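K.L.:
Following this message is one structure expressed as structure tokens.
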Amino acid sequence: MRACDKKSGSHLRARCDAQRVSDEPESARRPFMPARETEAIILKTFPLGEADRLVSFFGRTSGRIRGVAGGARRIKNRYGSSLELLSHVQIWYVEKETRDLVRIQQCELLESFHKAQADYGLSTGLALVSEIAERVLPEQEVAEPMFRLLLLTAREIERRGEWKLPLAYFAFWTLKLGGWMPPLDRCMNCGKRLGDAPAFQSALFDGMHCADCRKVGMKPLSAAGRELGVKFSAKLDEISIGPGEKEPLLELRETLLNWIELHTERKLFAREMLETN
């Protein structure tokens, strides 16, 4: 066959062009992948190499995804403060079929929680919220109620300047949305109504237990603590806690965190920071 050149007929040039395309590797023929865009919440970042960051983010329309932010560890980078913990952002990224990690192209800050991020005490609350979200959210599964819950919790920690009530509320609704929330008004073992009597719980057993069914190592949750669960049916920004409810709130929070550890089958590392704060 004679070589293809400018003097060749159009049909021959077309045939030669097709031959050249077929000889190219498949990766060279793959079409350009446009960037995807989503509103997102930054869950965690990790150092990657000398200049990059590995970013875990929860997209409103994409679910939980991990990606690489190139150059994010350099002093001068295009991300600024948009990759801080639980920042509310608009993010653009590119997916490739052969790679587990996406490539983050751009990230614009929509809402910053700078006061909470900069304060050690408040940032421990944010860290535990982030860790719980990482544990319970499947990869690339859209979960609009969890997105709203995360955003509401971060906003309330920032607004209130404290994490105790927002964290308990977040844990309560995480269990509810996951289908893991047991009844608070009766014994999980015998079905007995608890009434005003204390109930007992631990990270090793699901649900509340009455005094007769109590197992070794279980801790009490008072009736006042269980009644706070009724309060949590309202919006977080409409809930307030009186001085006499601080101890019941602590009991309820510890109960809810125990059940999250039970269902995820892993300890919450950031929980230890709360105990020293």
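K.L.:
Suppose the filter is closer than 21 Å to GLU254 by Cβ, touching a Lys or Arg at 6+ places or on another chain (Cβ under 7 Å) and not assigned by TED's automatic domain parsing to the domain that holds THR255; does SER202 pass it?
P.N.:
No: the conditions fail for SER202.
K.L.:
Kindly indicate the residue of the range 230-277 that is out of contact with any Leu (no Cβ under 7 Å at 6 or more places or on another chain) and hydroxyl-bearing (Ser, Thr, Tyr) and also farthest from THR124 (Cα to Cα) among those meeting that condition.
P.N.:
Step by step, filter the range 230-277, then rank; the result is SER233.
K.L.:
I'd like to know if the range 182-190 contains one or more residues that are among the charged types (D, E, K, R) and over 14 Å from GLY229 (Cα atoms).
P.N.:
no
K.L.:
Going through the range 141-162 one residue at a time, which ones are in contact (Cβ under 8 Å) with a residue 60 or more places away in the chain, buried (at least 16 other Cβ atoms within 10 Å of the Cβ) and within 15 Å of ILE241 (Cβ to Cβ)?
P.N.:
Listed by number, the list holds a single entry, GLU156.
K.L.:
Pairs only if they're at least six apart or on different chains, beta carbon under 6 angstrom, first in the range 216-235 and farther than 15 Å from LEU204 by Cα, second aromatic (Phe, Trp, Tyr) and part of a helix (DSSP H, G or I); list them, first residue then second.
P.N.:
Sorted first by the residue in the range 216-235, then by its partner, the pairs are PHE232/TYR169; PHE232/PHE172.
K.L.:
OK, next. Give the number of residues within the range 49-94 that are in a loop (DSSP other than H, G, I, E, B) and out of contact with any Asp or Glu (no Cβ under 8 Å at 6 or more places or on another chain).
P.N.:
Here the count works out to 16.
Okay, residues lined up against (1) farther than 30 Å from SER87 by Cβ; (2) surrounded by 14 or more Cβ atoms within 10 Å (Cβ to Cβ); (3) at pLDDT below 95:
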site: LYS176; (1), (2), (3): no, yes, no
site: MET208; (1), (2), (3): yes, yes, no
site: CYS213; (1), (2), (3): yes, yes, no
site: GLY217; (1), (2), (3): yes, no, yes
site: SER233; (1), (2), (3): no, no, yes
site: ASP237; (1), (2), (3): no, no, yes
site: SER240; (1), (2), (3): no, no, yes
site: TRP259; (1), (2), (3): no, yes, no
site: GLU275; (1), (2), (3): no, no, yes
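K.L.:
I'd like the full set of residues that are more than 16 Å from the chain's Cα centre (by Cα) and either polar (S, T, N, Q) or within 16 Å of PHE147 (Cα to Cα) (or both), limited to the range 91-112.
P.N.:
THR98, GLN105, GLN106, LEU110, GLU111, SER112
K.L.:
Here is a follow-up. Restricting to the range 232-271, count the residues that are closer than 19 Å to GLY179 by Cα and in a helix (DSSP H, G or I).
P.N.:
13
The values are calculated or read from the model by the stated rules, or taken from the named source; none is laboratory data. Keep in mind that what you see is a predicted model, and the values were worked out from it rather than measured. When we count neighbours, we look across all protein chains shown, and the Cβ atoms used for this are built from the backbone with ideal geometry, even at glycine.
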